[in-house]
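The values are calculated or read from the model by the stated rules, or taken from the named source; none is laboratory data. In this text the structure is predicted, and so the values were computed from the model without any measurement. Here Cβ is always computed from backbone atoms with ideal geometry, including for glycine, and neighbour counts include all displayed protein chains. Just so you know, the surface numbers come from the protein's heavy atoms only, side chains and all, with ligands and any DNA or RNA stripped out. Shrake-Rupley method; radii C 1.70, N 1.55, O 1.52, S 1.80 Å.
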Amino acid sequence: MRTPLIAGNWKMNKTVEQARALVAEMLPGLQTVSAVERVLCPPFTALMPISAMLVGTEIGLGAQNMHWEAQGAFTGEVSPAMIKEFCQYVIIGHSERRTYFGETDQTVNKKVHAALSNQLIPIVCVGETLEENEAGRTAEVVARQVCDGLKDVPKDQATKLVIAYEPVWAIGTGRAASGEVANRVLAEIIRPALAGLFDTPTAQQIRILYGGSVTAGNAQEFFGQPEIDGALVGGASLKAAEFVNIVAAAAK
Ligand code: PGA
């Protein structure tokens, strides 16, 4: 059995004061749903104050990005050890990082290795663009992102991985994939790719999330699918009641 996981990706939103207010508002509701692994991913500047608010709760904290090097002359970057001071998770290779900041499957791979060797759980994002989707290239693109992004991950570390399938055309557009279509990508592309990298029993233990315009209104459609183990939620994670309702839907 794979434990459902819901992660809120706040992206570049919320000052420390705003972040504290949002967490204070959602924390009571989040704490009532213990059957679901719950993770908040605020911006870097809010990690320290939010980690203090989460002490004594079972709510996890994640960063939205990370550099792979341990330290050094990398102006503007944040190292795995710096993230590890406050977080248990890190989002890697989000499509906005790939599109706007030049991340590739190769940089994703370096970050995945750095996360695992620093005992951080990587939430690795994959997904095709609209153009790739319309050209019938979804399987090729997503399989490549999985295989190259996870290259040389040792099998005994693989079950710590979390994959998020986020079709780029569904992110922030209000145009979510259907539960059935997303489930098919997981069943026919992602889990077989994981089985090829590791083995079938290992692939069966790796959690795969869906992301892209998930709301409290459509969450159940995704969580009712056999392959979908939760969600990476963007816009709806900035609304306390809505995010709590998504988490509650994953517990059913
Ligand atoms: P969205 O973002 O829920 O706002 O579509 C999801 C994501 O980018 O992780």
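Here the range 222-238 is the region considered, the condition is being farther than 10 Å from Leu209 by Cβ and assigned to a loop (DSSP other than H, G, I, E, B), and the residue that is farthest from the ligand (Cβ to nearest atom) is Pro226.
Between Ile83, Ile92, the distinction of being within 16 Å of the ligand (Cβ to nearest atom) and either open to solvent by less than 40 Å² (accessible area, probe 1.4 Å) or in contact (Cβ under 8 Å) with a residue 40 or more places away in the chain (or both) belongs to Ile92 only.
One residue stands out in the range 149-183 among those that are in contact with a Phe, Trp or Tyr (Cβ under 9 Å, 6 or more places away or on another chain) and among the basic types (Lys, Arg): the one that is farthest from the ligand (Cβ to nearest atom), namely Lys155.
Of all residue pairs spaced 6 or more apart or on separate chains, those with beta-carbon atoms under 8 Å, a first member in the range 232-243 that is polar (S, T, N, Q) and a second member that is within 6 Å of the ligand (Cβ to nearest atom) are Ser237/Asn9. The combined condition, being in contact with a helix residue (DSSP H, G or I) (Cβ under 6 Å, 6 or more places away or on another chain) and either at pLDDT below 95 or charged (D, E, K, R) (or both), is fulfilled by Glu132.
Against the conditions (1) part of a helix (DSSP H, G or I); (2) under 21 Å from Gly230 (Cβ atoms); (3) of a type in the set (Val, Ile, Thr); (4) in contact (Cβ under 8 Å) with a residue 24 or more places away in the chain, Val181 satisfies every one except (4).
All conditions but one from (1) in contact (Cβ under 8 Å) with a residue 40 or more places away in the chain; (2) in contact with a strand residue (DSSP E or B) (Cβ under 6 Å, 6 or more places away or on another chain); (3) within 30 Å of Thr57 (Cβ to Cβ); (4) not charged (D, E, K, R) apply to Val142; the one that does not is (3). Among the listed residues Asp156, Asp148, identify the single one that is assigned to a helix (DSSP H, G or I), open to solvent by less than 70 Å² (accessible area, probe 1.4 Å), modelled with pLDDT of 95 or more and at negative phi. Only one candidate qualifies: Asp148. Residues in the range 51-75 that are within 16 Å of Glu85 (Cα to Cα), under 18 Å from the mean Cα position of the chain (by Cα) and open to solvent by 30 Å² or more (accessible area, probe 1.4 Å): Gln64, Trp68. There is no residue in the range 16-24 that is closer than 24 Å to Arg207 by Cα and not aliphatic (A, V, I, L, M). Residues in the range 1-55 that are touching an Asp or Glu at 6+ places or on another chain (Cβ under 8 Å), within 21 Å of Gly211 (Cβ to Cβ) and assigned to a loop (DSSP other than H, G, I, E, B): Arg2, Thr3, Pro4, Lys11.
Among the residues of the range 239-252 satisfying the criterion of being touching a strand residue (DSSP E or B) at 6+ places or on another chain (Cβ under 8 Å) and of a type outside the set (Val, Ile, Thr), which is farthest from the ligand (Cβ to nearest atom)?
This residue is Ala250.
Among the residues of the range 119-144, those that are open to solvent by 10 Å² or more (accessible area, probe 1.4 Å) and outside any loop (DSSP other than H, G, I, E, B) comprise Ile121, Leu130, Glu131, Glu132, Asn133, Glu134, Thr138, Ala139, Glu140, Ala143, Arg144.
Out of the residues in the range 184-221 that are exposed (fewer than 15 other Cβ atoms within 10 Å of the Cβ) and assigned to a loop (DSSP other than H, G, I, E, B), state the one that is farthest from the ligand (Cβ to nearest atom). The extreme case among them is Asp199.
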